[in-house]
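Here the structure is laid out as structure tokens; the discussion comes afterwards.
The values are calculated or read from the model by the stated rules, or taken from the named source; none is laboratory data. Predicted model, so just to flag it, every value in this text is computed and none were measured. Using ideal geometry, Cβ is built from the backbone for each residue, glycine included, and neighbour counts are taken over all protein chains shown. These area figures cover heavy atoms from the full protein model, side chains too; ligands, DNA and RNA do not enter into them. Shrake-Rupley method; radii C 1.70, N 1.55, O 1.52, S 1.80 Å.
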Amino acid sequence: VLKLKKPEIDKNAVITDEASLAYIEQATKLFNEKQYDQSLAILEQFLAQNPKAYQARLLIGDCYREKGELDKAIEIYSKAIEEAKADAKTGQQVSAKALAALGDCYVRKNDITNAQVYFKQSIDISPDNETLAYTVGEVFFSNQKLDEAIQYFTKATEIKPDWPPPYHKLGLVYLNKTDYDK
């Protein structure tokens, strides 16, 4: 006879209920639809109910960044980095994402010096993450910082040589630079 046991809830889990997961899904959907204020309202409510779920600060910061409230976004990302220090399980990953987001904020502020500092810290934390290097390249490319974009797209190809997207983007960067040979 096979007995089914009800799964136990992990007491250390950040989110333990379906309703909380639904909040995050709804907030993400609204963010993707560019409804940042509505997404923020849901995320703030979620964080009030799940104070240990500091990872939600990344999406909160993204909302403020996309709204153009860069100083508020920087504050939120910085807080996520601070809280990530106490998280041995996913803290590094969250920190790397938050540092890259900080870099993006500084690019948007036309402060390339600070942007590069944060991007470098992000890559240093997660040096084998081709997606992160690619994303940093995307940020620079979308802001017409072509030499910097080349650096990060090239890094993505070095990390994962058989991954086509960074090669495609490198081609577009060189096309923009009118370097037709490359």
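Values as computed for the structure displayed
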{"quantity": "Residues satisfying the stated conditions in the stretch 132-164, i.e. part of a helix (DSSP H, G or I) and free of Cβ contacts under 8 Å to residues at least 12 places away in the same chain", "calculated": "142, 147, 158, 164"}
{"quantity": "Matching option when the condition is charged (D, E, K, R) and open to solvent by 70 Å² or more (accessible area, probe 1.4 Å), among 104, 111, 181", "calculated": "181"}
{"quantity": "Residues located in the stretch 34-69, provided they are assigned to a loop (DSSP other than H, G, I, E, B), modelled with pLDDT under 95 and not charged (D, E, K, R)", "calculated": "50, 51, 53, 54, 55"}
{"quantity": "Residue match in the stretch 140-163 (condition: modelled with pLDDT under 95, closer than 18 Å to residue 65 by Cα and open to solvent by 50 Å² or more (accessible area, probe 1.4 Å))", "calculated": "yes"}
